[in-house]
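Reviewing the structure listed below.
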């Protein structure tokens, strides 16, 4: 199998070749834990999780690191607002740990396998020490300078060393400024020297640090954090860096610069994979525009979180996703249909024999061919819309068929591929019914054979109250989830 990915560095799609065939290393920019993330943020993490699943499906071992930005302008400002009478460091940790835990819960709820991630925090002692060391090294090598409010990275020195600033985006002298930018917020129009380390302000959390005898007690800049966490977790260079398209510049561009400034090898990550935004009424979902939903908002409106995952996967990751409650409801219905098909595996009467003697059965051929077609689609730059249409076509061929028409093993293999690559949890969300419920179905079947329609209806209603619907066919009874 050959995996092809679009690389923001090269602006083209190419064959993915890992730096080390024994292990693929992926870094994903994680959340800034100052508030509950909205579903626009979560969509980026669904793409990162799906990418790792596809790489794994290509028989690679994967190490996947994701950071928590738990110290920056936003987290400090919010912690001061929420806990004005608390020690600054204590307030920061209370705020970020609360929202970090909520984030992990949301990650699990949308089907992301958090056990496959290594999560690191910017405020971890090892991370902070690594950031101090990198600042000192950049300063020593002439790529950083001290100012009255902190330490800054010199873009001019970086460019004069022979490195290119503007690997991910096209930058020119016209949009490159010699000015400094001290804040951690986005500055999209002009490239500035950016803060590596910020001297403490009143009421802010801080760490002791000095350079050349100058007291620089303060805290790291946002861009620096990801460089150090990726280096400590994966080494440099590593294979794949993921994140939202809005992180391309300045964040990822600055990561490249500060991570490669002192190295002969200009490569920070071999491949950058950037996903597009979720849009509402044609605008990016964001808290600043107050046009966002949290995952809990969707749950409160009876949208299954895995239906939201399916909605994200319905668009290619390099194209925007148009979100509406109507679109979410449509994805919910699509998922409901898939689950009804998945439940048929509990009701099959025939299975493939150990010697695969039934491999020429049309239904088996359909299911196994669809399994491979899904993999092939995902290997083509994570083409999830094509993969989903392949699944739709396979499942539509099973509509109206009874369990006697479907081979359990063929269906289960396709479901396994869907769950392992797309994370939709079709098998987990479609457990078998209980033995007692199966007995009720058999009792109802006997009542129908005896033409005891009153008893048949009574048993049907009992099952319905328990969330099980029964459908009578010429070849037996089929049950479905209510």
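Counting pairs of alpha carbon atoms under 8 Å apart in space and at least six apart in sequence, what relative contact order in percent does the chain give?
16
Taking the DSSP beta bridges in the range 17-275 as the whole, what percent of them are antiparallel, to the nearest 5?
Expressed as a percentage, antiparallel bridges in the range 17-275 total about 35.
Provide the packing ranking of 158-170, 235-247, 106-118, i.e. peptides ordered by the mean count of other C-beta atoms within 10 Å per residue, highest first.
Top of the packing list down: 235-247, 106-118, 158-170.
Run the simple label-point estimate for residue 145 and residue 396 please: 7 Å along Cα→C-beta, distance reported in nm.
My value for the distance between the label points is 6.4 nm.
Could you work out how far helix 88-109 tilts from the main Cα principal axis of the chain, as a 0 to 90 degree angle to the nearest 10?
Once rounded, the angle reads 30 degrees.
For the chain, compute Rh as the Kirkwood radius over C-alpha pairs and then the Stokes-Einstein diffusion coefficient at 37 °C and 0.692 mPa s; write the answer in µm²/s, rounded to an integer.
131
State the antiparallel share, in %, of DSSP beta bridges confined to the chain, rounding to the nearest 5.
Antiparallel bridges make up about 50 percent of those DSSP assigns within the chain.
Which value in deg cm²/dmol, rounded to the nearest 500, describes the helix-derived mean residue ellipticity at 222 nm for the chain, given -39,500 (n - 2.57) per DSSP H run of n ≥ 4 and division by the residue count?
-13500 deg cm²/dmol
PRE reach from residue 464 (point 7 Å along Cα→Cβ): which of the range 425-442 fall under 16 Å by backbone N?
Under cut-off, by backbone N: 441.
Within 10 Å, count the other beta carbons around each residue, average over each peptide in 448-455, 96-103, 323-330, and list them highest first.
96-103, 323-330, 448-455
Which of the peptides 459-468, 50-59 is most tightly packed, and how do the rest follow, judged by the mean count of other Cβ atoms within 10 Å per residue?
So the order, starting with the most tightly packed, is 50-59, 459-468.
Sequence gap at least 6, Cα distance under 8 Å: using those rules, report the relative contact order of the range 435-481 to the nearest whole percent.
Relative contact order for the range 435-481 comes out at 27 percent.
Evaluate E = 1/(1 + (r/R0)^6) for residue 325 and residue 22, where r is the Cβ-Cβ distance and R0 equals 51 Å; express this FRET efficiency to the nearest 0.05.
0.65
Over the range 17-275, consider all pairs of different Cα atoms and compute the Kirkwood hydrodynamic radius from their mean reciprocal separation; express it in Å, one decimal.
It is 18.8 Å.
What is the mean projected area of the alpha carbon convex hull for the range 435-481, to one decimal in square nanometres?
3.0
May I ask for the angle, rounded to the nearest 10°, between helix 222-234 and the longest principal axis of the chain, with both axes built from Cα atoms and the value confined to 0 to 90°?
60
Enter the angle in degrees (range 0 to 90, nearest 10) between the Cα long axis of helix 39-57 and the first principal axis of the Cα atoms of the chain, meaning the one along which they spread out most.
For helix 39-57, the angle is close to 70 degrees.
Where in the range 429-452 does the amide nitrogen come within less than 15 Å of the point 7 Å from the Cα of residue 477, taken along Cα to Cβ?
Within reach of a label on residue 477, which here means backbone N under 15 Å from a point 7 Å along Cα→Cβ, the range 429-452 contributes 433-452.
Which part of the range 46-76 falls in the paramagnetic zone of residue 376, meaning amide N under 16 Å from the point 7 Å along Cα-to-beta-carbon?
none
Rg and Dmax in Å for the range 1-120, alpha carbons only: what are they?
Final numbers for Rg and Dmax: 17.2, 58 Å.
Bear in mind that the values in this text are calculations on the coordinates, not laboratory data. In this text the structure is predicted, and so the values were computed from the model without any measurement. Cβ: placed from backbone, ideal geometry, glycine included. Neighbour counts: every protein chain shown.
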